[in-house]
There are 2 protein chains.
Amino acid sequence: MSEVRTLKVALLGCGNVGAQVARILLDDADALAARTGARLQLSGIAVRNIDSERDVELPRELFTTDADTLVKDADLVIELMGGIEPARSLILTAMQNGACVVTGNKALLAQDGPTLYEEADKAGVQLSYEAAVAGAIPILRPIRDSLSGDRITRVLGIVNGTTNFILDQMDSTGAQFADALAEAQRLGYAEADPTADVEGHDAAAKAAILASLSFHTRFALEDVYCEGITKVSAADIAAAKEAGFVIKLLAIAEKIDNPNGEGGISVRVHPTLLPREHPLAAVRGAFNAVFIEAENAGQLMFYGQGAGGTPTASAVLGDLVSAARRVVLGGPGRTETTTGYVPALSIDASTTSYYIGLDVADQAGVLARITHIFAEHGVSIEIMRQTIHRDAASKVESAELKIVTHRASEAALAATVEAVKGLDVINSVTSVLRVEGV
Amino acid sequence: MSEVRTLKVALLGCGNVGAQVARILLDDADALAARTGARLQLSGIAVRNIDSERDVELPRELFTTDADTLVKDADLVIELMGGIEPARSLILTAMQNGACVVTGNKALLAQDGPTLYEEADKAGVQLSYEAAVAGAIPILRPIRDSLSGDRITRVLGIVNGTTNFILDQMDSTGAQFADALAEAQRLGYAEADPTADVEGHDAAAKAAILASLSFHTRFALEDVYCEGITKVSAADIAAAKEAGFVIKLLAIAEKIDNPNGEGGISVRVHPTLLPREHPLAAVRGAFNAVFIEAENAGQLMFYGQGAGGTPTASAVLGDLVSAARRVVLGGPGRTETTTGYVPALSIDASTTSYYIGLDVADQAGVLARITHIFAEHGVSIEIMRQTIHRDAASKVESAELKIVTHRASEAALAATVEAVKGLDVINSVTSVLRVEGV
């Protein structure tokens with residue numbers, strides 16, 4: 001434990017996060033050596049263009065465009081290039097050469113995780129990716145290790161800061177989606193092309209990773225139902241607010257027991273109503289949080305910064321130190337284990353509560369006809385509230401009906417809404433939103 | 001990975017937590033085997049009295065009063081007896097025999113942790129104790145592993161459910177301490193002899209453990225300044241509430257940089273004012289939460305159930321699975337590392353903000369005399385608010401002065417309060433409370 005060896009660390013990519021990782025490796029070299037029992041020597045930084053401008057000033061001689069050579073000579077490889085190729089091939093090369101790999105590449109993991117996990121097992125090296133979900137928040141390691149003797153039943157995560165910022169803006173200012181998005185772009189919380197965030201694709205990749213670790217089964221992106229926030233209107237937010245809810249884009253992975261057949265795991269991303277007292281409702285701005293329910297542990301929440309170069313670099317370094325400790329101790333590596341196969345359920349088999357807003361005619365018997373349709377489809381109503389709007393002369397202008405259901409399947413709900421739409425007393429269905437935490 | 005070996009697990013103690021651990025080991029044997037690669041066979045449960053009543057029905061043949069023999073034949077030992085002896089000797093015996101040990105014994109760790117950690121290192125086995133702090137919340141492993149590449153600067157923890165329940169009751173109902181304590185006892189949240197909880201001793205043991213892991217230095221109970229909640233009055237709570245604060249018993253460990261000399265780590269437990277918007281302020285009832293500030297990660301919070309047999313058993317099992325995985329993989333064990341020595345600071349060297357309530361005479365020049373004393377002692381005032389109470393005839397009955405200071409040392413504050421008390425215009429000092437999170 002006294003003789004200090006040197007481990008060569010190859011860094012692939014030098015963007016926002018990569019530049020901070022390089023800075024910390026150089027600045028904190030002594031502390032990192034004390035904690036791992038090895039000097040972590042940054043052997044090089046592979047980039048596409050050596051002359052690009054970086055957030056941090058770094059020694060020019062570290063940069064190279066030859067990622068392949070750099071990787072083949074490294075004990076530890078940090079992949080922060082993003083995208084599928086060449087990241088995927090470089091990670092495979094690194095592991096085949098016996099290097100442990102740390103990555104933050106959620107898109108690659110969600111698309112081709114199984115290949116990478118298997119290759120890591122085969123090569124006996126560690127593949128770790130704490131930075132891929134919820135930035136600085138230690139969430140994957142607690143799920144994999146701390147909860148390894150428990151059974152997780154449900155995971156609800158606010159895992160995309162851009163959409164949380166936008167929804168928070170809409171909630172606090174009453175802004176429409178387009179205006180809140182523009183504000184987020186102005187402040188640097190949203191990219192010029194915000195598609196991956198606002199359509200939920202980023203959250204869906206994280207949902208696949210969270211579900212895989214939580215339920216010991218490998219889920220891919222195609223197993224995740226995904227609905228973004230582009231259709232959430234200021235009116236939806238206002239209606240939710242009035243009813244005591246807040247709308248959040250949640251990544252959800254939960255175990256569904258189906259008494260009539262095969263149960264499974266529902267993995268989905270969609271705008272969701274949460275009661276304002278729920279711990280996740282207080283997660284504001286660009287912060288992230290993951291709420292976990294486990295059979296023995298009960299309810300847990302992990303909260304922190306979900307993005308940003310420096311916070312995410314903290315997660316990368318945590319993985320790196322753990323991998324280095326493992327190399328120093330000489331034990332074999334091992335990533336997460338999949339111990340069973342549970343099927344991913346389609347969104348139709350998922351069950352949740354729903355909030356439904358209806359613009360209805362003010363006629364006798366309307367409520368009876370609507371509740372009859374709900375009953376027919378086996379969807380139980382928990383709360384129903386009717387608001388009548390009148391003009392100055394007390395003439396009815398419109399009637400609004402707000403319904404919160406008990407848990408129902410997506411299929412039953414969809415059929416109910418279709419049938420309700422067919423009623424002549426319905427002017428329009430103003431919102432259909434899923435509810436959690438009630 | 002295909003051949004499954006058996007690891008013998010000895011359980012010492014069968015109280016609240018122990019009984020749940022035994023139940024899970026028996027009920028979930030297959031799932032645990034799949035996750036560890038070994039069958040975890042509960043080889044026996046050592047208790048003082050075999051015929052005591054337990055929360056869970058367990059096979060009688062598992063029980064023994066001969067803890068020593070049980071321990072010597074085990075691969076993994078779970079110590080949940082509590083107290084110092086014989087727990088300490090049994091843990092040492094287990095480690096010397098090559099067994100990994102899982103314990104939830106915070107009192108023992110706080111008193112004699114260094115001996116145990118050293119013995120674990122020497123024997124090359126793992127000693128883990130996630131259950132000792134904040135029950136089910138995975139907090140020690142994230143600090144030790146996930147944040148191992150970062151520098152923690154501050155830890156604020158609500159780590160005692162009993163006192164949090166009592167303070168929460170006082171805050172929501174206006175009750176006095178004694179009444180809230182009686183209610184907590186009635187509901188089973190406080191023990192018949194509540195001393196360890198309400199005097200802060202339990203929180204202090206946890207503070208020592210949190211500080212040791214966060215700052216890579218071994219702190220013992222005697223390094224922790226400890227003040228309980230018995231002196232917190234309904235008036236303190238009301239005054240805090242009016243000023244926008246909530247009072248929590250916090251376990252605090254923070255790095256203090258002293259420009260005039262040696263800095264160090266302040267480890268302390270005391271009632272603390274927190275702004276109501278602070279994430280910790282929302283932690284209600286018997287829940288626990290730990291808030292961490294790190295240089296790179298920024299602010300993180302971990303929230304969940306801090307006590308209870310089943311939640312705490314989840315933490316024990318997580319440690320057990322990790323230890324078993326390590327044994328299966330064949331790597332050497334290693335507990336936390338201490339990489340440097342930083343001194344524990346006395347409470348006098350700690351700095352924090354303070355809230356001071358004064359009952360003052362309504363005379364000209366009072367404010368000037370008080371502010372002069374603060375200035376003389378180098379304590380800077382952030383907010384000062386005077387409230388004059390008048391009777392029906394508009395005659396002044398009393399004048400209240402509320403002061404929130406900027407960060408000051410405990411010594412400077414104490415001297416300031418002493419000097420203020422000496423003023424003839426001061427009727428009484430109604431409260432002196434520490435403030436965090438501003």
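The values are calculated or read from the model by the stated rules, or taken from the named source; none is laboratory data. Note that this is a predicted model, so its numbers are computed, not measured. FYI the Cβ positions are ideal-geometry reconstructions off the backbone, even for glycines, and counts take in every protein chain you see. Surface areas here come from the heavy atoms of the whole protein model, side chains and all, with no ligands, DNA or RNA. Shrake-Rupley method; radii C 1.70, N 1.55, O 1.52, S 1.80 Å.
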>> Rolling a 1.4 angstrom probe over the protein chains, ignoring ligands and nucleic acids, what is the accessible area of A:Asp348 in square angstrom, nearest 10?
In response: 90 Å²
> What percent do you get for the relative contact order of chain A when only Cα pairs under 8 Å and 6+ apart count?
Replying inline: 16 percent
> When the label point is put 7 Å from the Cα of A:Glu61 along its Cα-to-beta-carbon vector, which residues of the stretch A:11-46 have a backbone N closer than 17 Å?
Replying inline: A:26-27, A:41-46
> Full extension from A:Ser398 to A:Thr115: what is 0.36 nm times the residue separation minus their Cα-Cα distance, to one decimal in nm?
Replying inline: 96.2 nm
> Roughly how large, in nm² to one decimal, is the mean projection of the convex hull of the alpha-carbon atoms in the stretch A:350-435?
Replying inline: 5.3 nm²
>> Taking all protein chains in place and a 1.4 Å probe, what share, in percent, of the accessible surface of the stretch A:207-313 do carbon and sulfur account for?
In response: 49 percent
> Looking only at Cα atoms, what is the convex hull volume of the stretch A:43-106 per residue, in Å³?
Replying inline: 91 Å³
>> I'd like the orientation of helix B:177-186 relative to chain B: the angle between its Cα long axis and the longest Cα principal axis, in ° from 0 to 90, rounded to 10.
In response: 20 degrees
>> Run the label-point distances for B:Asn49 please: 7 Å along Cα to Cβ, every other copy, nanometres, shortest first.
In response: 7.9
>> To check my understanding: the extent here is largest minus smallest coordinate of the Cα atoms along each principal axis. What are those three numbers for the stretch A:199-262, in Å, largest first?
In response: 39, 30, 17
> Can you list the residues of the stretch B:126-146 that have at least 50 square angstrom less accessible area with all protein chains present than in their chain by itself, probe 1.4 Å?
Replying inline: B:Pro138, B:Arg141, B:Asp145, B:Ser146
> What spacing in nm lies between the two simple spin-label points modelled at B:Asp27 and A:Ile84, each 7 Å away from Cα in the Cβ direction?
Replying inline: 4.4 nm
> Placing a label point 7 Å from Cα toward Cβ, how far apart in nm is A:Ala393 from its equivalents in the other copies, listed shortest first to one decimal?
Replying inline: 6.4
>> Using helices alone, I'd like the mean residue ellipticity at 222 nm for chain B: each DSSP H run of four-plus residues gives -39500 (n - 2.57), total over residue count, nearest 500.
In response: -10500 deg cm²/dmol
>> On C-alpha positions alone, give me the angle between the axis of helix B:309-329 and the longest principal axis of chain B, in degrees, nearest 10.
In response: 50 degrees
> Stretched out fully, how many nm does the piece from A:Glu242 to A:Asp257 gain, at 0.36 nm a residue minus the Cα gap?
Replying inline: 2.1 nm
>> Tell me the volume per residue, in Å³, of the convex hull enclosing the alpha carbons of the stretch B:140-305.
In response: 124 Å³
>> 7 Å along Cα→Cβ for the label point: how many nanometres lie between B:Thr430 and each equivalent label in the other copies, listed shortest first?
In response: 4.8
>> Using only alpha-carbon positions, what ratio does the radius of gyration of the stretch B:147-231 give when scaled by 2.2 N^0.38 Å?
In response: 1.27
>> If I take all pairs of Cα atoms in the stretch B:146-191, what percentage of them are more than 18 Å from each other?
In response: 42 percent
>> Among DSSP bridges having both ends in the protein assembly as shown, what percentage is antiparallel? Round to the nearest 5.
In response: 70 percent
> What is the spin-label model distance, in nm, from A:Arg48 to B:Ala414 if the labels are put 7 Å beyond Cα along the C-beta direction?
Replying inline: 6.2 nm
> Can you give the charge dipole size of the stretch B:350-435 about its Cα centre, rounded to the nearest 20 debye, using +1 on the beta carbon of Lys and Arg and -1 on the beta carbon of Asp and Glu?
Replying inline: 180 debye
> Classify the stretch B:250-305: rounded, prolate or oblate, from the alpha-carbon gyration tensor (a ≥ b ≥ c, eigenvalue square roots; a/c under 1.5 rounded; otherwise prolate if a/b is larger than b/c)?
Replying inline: prolate
>> With viscosity set to 0.692 mPa s at 37 °C, what whole-number translational diffusion coefficient in µm²/s follows for the stretch B:268-419 from Stokes-Einstein and a Kirkwood radius over Cα pairs?
In response: 159 µm²/s
> What spacing in nm lies between the two simple spin-label points modelled at A:Thr387 and B:Gln363, each 7 Å away from Cα in the Cβ direction?
Replying inline: 5.9 nm
> What average number of partner chain Cβ atoms lie no more than 10 Å from the Cβ of the residues making up A:187-194?
Replying inline: 0
> For the protein assembly as shown, what is one quarter of the convex hull surface built on the Cα atoms, given in nm²?
Replying inline: 42.8 nm²
> Length gain on complete extension for the stretch B:Leu329 to B:Asp73, per 0.36 nm per residue less the alpha carbon to alpha carbon distance?
Replying inline: 90.1 nm
> What accessible area per residue, rounded to a whole number of Å², is obtained for the stretch B:140-305 using a probe radius of 1.4 Å?
Replying inline: 34 Å²
> So which GluC sites (Glu not before Pro) in the stretch A:14-102 pass both tests, a DSSP loop state and at most 10 other Cβ atoms within 10 Å of the Cβ?
Replying inline: A:Glu53, A:Glu57
>> If I compute solvent accessible area with a 1.4 Å probe over the protein chains, what percent of it on the stretch A:350-435 is carbon and sulfur?
In response: 50 percent
>> With a 1.4 Å probe and all protein chains kept in place, how much accessible area does A:Tyr355 have, in Å² rounded to the nearest 10?
In response: 10 Å²
> When averaged across all projection directions, what area in nm² does the alpha-carbon convex hull of chain B cover?
Replying inline: 23.4 nm²
